[in-house]
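Notes to accompany the following structure.
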């Protein structure tokens, strides 16, 4: 009952504050960070007291990769702690299916971070102290964005600390998409994932004399490549920023094994790269709970970010 009431802005259970979805405190602005192929917006939350921030926290919302808009429904719980920590927050928008899929979302997130980096002085933040925080599909995008931006490029003088992202936090994220697509017990989630992946299509020119079996093989090969392209399991590398994963043990939508598998994969490539906090009472979207244990998870995530900014 508490969860349902909270979604409708009722007084919180276990909290003294009512929940306001898409909370935008005074001083919040919105600007376009990218105009092509479609305009995409960035929510810029107020500067912390003192004007200049110690770092930036960039939020990526969830919604099965299919929800438009830049706001996040949990920012209210983060605003005061971030202000006290001297950190400035942002929230980004990405393109959505059916027209835009797969790498499009990741590229948008990368472009948003680069935009913030280029405008760091105007935003009053250090250009090399950014953290990504993503929820559900946004957690997947946060991890992929961190991996993309930290991958060494030819000609770089140093291979350590590459890129502006110093920390990634992913809540209940789908980090092993191949395993999700193979899970026949969760058809709705498989449908969401297929809707996010590029469309499979074959023209007579591509396969003029294909039989049914050959088309099946083409489809299988196509989805293998598409999954590899967006899978953190395949893109993890030794220069990745530190990652903090939070996942509810009771999550029935995206099982906690998703975060366990990626943690093990990440740490096998770069020891200590990923930490996993398993939340015993947590289901999917557990941060929307107004209970104290859910806020404790957010506090641990913020502690992790601040630790990384101090290095």
(request) Pull up the range 163-187, narrow it to residues that are without any contact (Cβ under 8 Å) to a residue 40 or more places away in the chain and in a helix (DSSP H, G or I), then point me to the one that is farthest from residue 277 (Cα to Cα). (result) 187
(request) For the range 23-60, name all the residues that are in a loop (DSSP other than H, G, I, E, B), in contact with a strand residue (DSSP E or B) (Cβ under 6 Å, 6 or more places away or on another chain) and under 30 Å from residue 193 (Cβ atoms). (result) 39
(request) Having 2 or more residues that are in contact with a strand residue (DSSP E or B) (Cβ under 6 Å, 6 or more places away or on another chain), surrounded by 18 or more Cβ atoms within 10 Å (Cβ to Cβ) and modelled with pLDDT of 95 or more is the bar; report the helices (runs of 4 or more DSSP H) wholly within the range 207-311 that clear it. (result) 257-269, 292-310
(request) Go through the residues of the range 126-148 one by one and say whether even a single one is closer than 22 Å to residue 255 by Cα and modelled with pLDDT under 95. (result) no
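The values are calculated or read from the model by the stated rules, or taken from the named source; none is laboratory data. Keep in mind it's a predicted model, so treat the numbers as computed, not measured. Counting neighbours? That spans all protein chains shown, and the Cβs are built from the backbone with ideal geometry, glycine included.
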